[in-house]
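Starting off with a structure, shown below.
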Amino acid sequence: MRKKIVAGNWKMNTTLQEGIGLAKDVNEALKGAEPKCEVIICVPFTHLASVNEVIDANKLGLGAENCADHKSGAYTGEISAAMVASTGAKYVILGHSERRQYYGETSETLKEKVALAFENNLTPIFCIGEVLEERENGTFFEVVKAQIADALFHLSAEDFGKIILAYEPVWAIGTGKTATDDQAEEMHAFIRGVIADKYGKEVADNTSILYGGSCKPSNAAALFAKPDVDGGLIGGAALQAESFMGIVNAF
Ligand code: PGA
């Protein structure tokens, strides 16, 4: 059975002190709570080790927002998958549209990142999604299929089964313009079909596919009620414990 997951993506927000405070607030809110999903926070690199110290790993997973496409060496300013893992983090967001758009990430670099994440026992939260123009010109299914196939379909079924996917239509990220629950379900069901064609129904049924893009407490329940939506990757609404927990509790 695939897992239900709500993951926060803090992006480039919070100082270290603010981030520790936010992590503590989420951790506190989870104490004694029985959420019907796994809860993860993905935080800036600088916060990982400190946040790891203040959260209960049994209740709250920790992840990075990116990692380097090289193992180690002369790559000034980069952070390797091994460095991320050494902080205690267990997850890493890869291929976020902001990384693709502003930092030129391609399927080729993402292949390297996925391999290095696996080598270091990090679970990739792998993002895919079309831009507004592709939504409007009707190419969104093929765009998303190519993003998955080009970066991930060289993997064995076993390795593919370790990946969490996040469908994030770029036009819905940070815009307040959420995909409707029907639009999300349509794409999630399509993605599951693409996985089934490649790896078979069992792998497809066991893959968690999260929705991301202006997900908030007010729309999370309707999105999560859809059969192929297994949770959310949450940006803006993850920056306050109350709104983040409102989404966690939408399950
Ligand atoms: P948002 O971001 O919830 O602020 O739209 C989601 C994401 O980019 O992961």
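The values are calculated or read from the model by the stated rules, or taken from the named source; none is laboratory data. Treat the numbers as computed from the prediction; the structure is a model and nothing was measured. Cβ atoms come from the backbone with ideal geometry, glycine included; neighbour counts cover every protein chain shown. Note: accessible area is taken over every heavy atom of the protein model, side chains too, but ligands, DNA and RNA are not part of it. Shrake-Rupley method; radii C 1.70, N 1.55, O 1.52, S 1.80 Å.
For a quick check of your reading of the model, give me the residue pairs whose first member lies in region 89-101 and is touching a residue at least 60 places away in the same chain (Cβ under 8 Å), whose second is more than 12 Å from the ligand (Cβ to nearest atom) and hydroxyl-bearing (Ser, Thr, Tyr), with beta-carbon atoms closer than 9 Å and at least 6 apart or on different chains.
Listed pairs, sorted by first residue: TYR91/THR123.
Please give the helices (runs of 4 or more DSSP H) falling wholly within region 89-148 in which 2 or more residues are under 18 Å from the mean Cα position of the chain (by Cα).
On the way: elements: 97-103, 107-119, 132-136.
The qualifying helices (runs of 4 or more DSSP H) are 97-103, 107-119.
Select from region 229-242 the residues that are more than 12 Å from the ligand (Cβ to nearest atom) and assigned to a helix (DSSP H, G or I) and write down the one among them that is surrounded by the fewest Cβ atoms within 10 Å (Cβ to Cβ).
GLU242
If GLY174 satisfies all but one of (1) modelled with pLDDT under 95; (2) buried (at least 23 other Cβ atoms within 10 Å of the Cβ); (3) under 21 Å from CYS42 (Cα atoms), what's the number of the condition it fails?
With respect to (1) modelled with pLDDT under 95; (2) buried (at least 23 other Cβ atoms within 10 Å of the Cβ); (3) under 21 Å from CYS42 (Cα atoms), GLY174 is out only on (2).
Please work out if ILE128 is at pLDDT 95 or above, away from the ligand (no atom under 16 Å from the Cβ), under 21 Å from ASN9 (Cβ atoms) and in contact with a helix residue (DSSP H, G or I) (Cβ under 9 Å, 6 or more places away or on another chain).
Details: at pLDDT 95 or above: yes; away from the ligand (no atom under 16 Å from the Cβ): no; under 21 Å from ASN9 (Cβ atoms): yes; in contact with a helix residue (DSSP H, G or I) (Cβ under 9 Å, 6 or more places away or on another chain): yes.
So ILE128 fails the test.
Filter region 21-46 down to the residues that are open to solvent by 40 Å² or more (accessible area, probe 1.4 Å) and among the aliphatic types (A, V, I, L, M) and list them by number. Steps first, answer last, please.
As a first pass, look at region 21-46 and keep what is open to solvent by 40 Å² or more (accessible area, probe 1.4 Å): 24-25, 28-29, 31-32, 34-36, 38, 45-46.
Within region 21-46, ALA29 is the sole residue that qualifies.
Can you tell me which residue is nearest to the ligand (Cβ to nearest atom) among those in region 154-169 that are open to solvent by 30 Å² or more (accessible area, probe 1.4 Å) and in a helix (DSSP H, G or I)? So that I can check it myself, show each step before the final result.
Taking region 154-169 as the starting set, the residues that turn out to be open to solvent by 30 Å² or more (accessible area, probe 1.4 Å) are 154, 156-159, 161-162.
Filter once more, keeping what is in a helix (DSSP H, G or I): 157-159.
Working: ALA157: 27, GLU158: 27, ASP159: 23 Å.
By that ranking, first place goes to ASP159.
Right, something else. Quick check, is ASN52 part of a helix (DSSP H, G or I), open to solvent by 30 Å² or more (accessible area, probe 1.4 Å) and away from the ligand (no atom under 16 Å from the Cβ)? Show your work before the answer.
On the way: part of a helix (DSSP H, G or I): yes; open to solvent by 30 Å² or more (accessible area, probe 1.4 Å): yes; away from the ligand (no atom under 16 Å from the Cβ): yes.
So ASN52 passes the test.
In region 216-228, is there at least one residue being touching a residue at least 40 places away in the same chain (Cβ under 8 Å), away from the ligand (no atom under 15 Å from the Cβ), open to solvent by less than 30 Å² (accessible area, probe 1.4 Å) and of a type outside the set (A, V, I, L, M)?
Yes - at least one qualifying residue is present in region 216-228.
Let me spell it out: the conditions are (1) within 11 Å of the ligand (Cβ to nearest atom); (2) open to solvent by less than 10 Å² (accessible area, probe 1.4 Å); (3) free of Cβ contacts under 8 Å to residues at least 24 places away in the same chain; (4) among the hydrophobic types (A, V, I, L, M, F, W, C), and ALA204 meets all of them except one. Which number is the exception?
The single condition ALA204 does not satisfy is (1).
With (1) away from the ligand (no atom under 16 Å from the Cβ); (2) surrounded by fewer than 21 Cβ atoms within 10 Å (Cβ to Cβ) as the list, and ALA151 as the residue in question, which single condition is left unmet?
Of the numbered conditions (1) away from the ligand (no atom under 16 Å from the Cβ); (2) surrounded by fewer than 21 Cβ atoms within 10 Å (Cβ to Cβ), the odd one out for ALA151 is (2).
Residue by residue through region 114-144, note down the ones that are under 18 Å from LEU94 (Cβ atoms), surrounded by fewer than 21 Cβ atoms within 10 Å (Cβ to Cβ) and not hydrophobic (A, V, I, L, M, F, W, C). Explain how you work it out, then say what you get.
First, the residues of region 114-144 that are under 18 Å from LEU94 (Cβ atoms): 114-130, 143-144.
Going one step further and asking which of them are surrounded by fewer than 21 Cβ atoms within 10 Å (Cβ to Cβ), we end up with 115, 118-121, 123, 143.
Correct list: GLU119, ASN120, ASN121, THR123.
Here is a follow-up. Scan region 130-147 and report the pairs whose first residue is farther than 15 Å from ILE195 by Cβ and whose second residue is not in a helix (DSSP H, G or I), with Cβ atoms within less than 7 Å and a gap of 6+ or a chain change.
Correct list of pairs: GLU130/PRO169; ARG135/PRO169; PHE140/GLU130; VAL143/GLU130.
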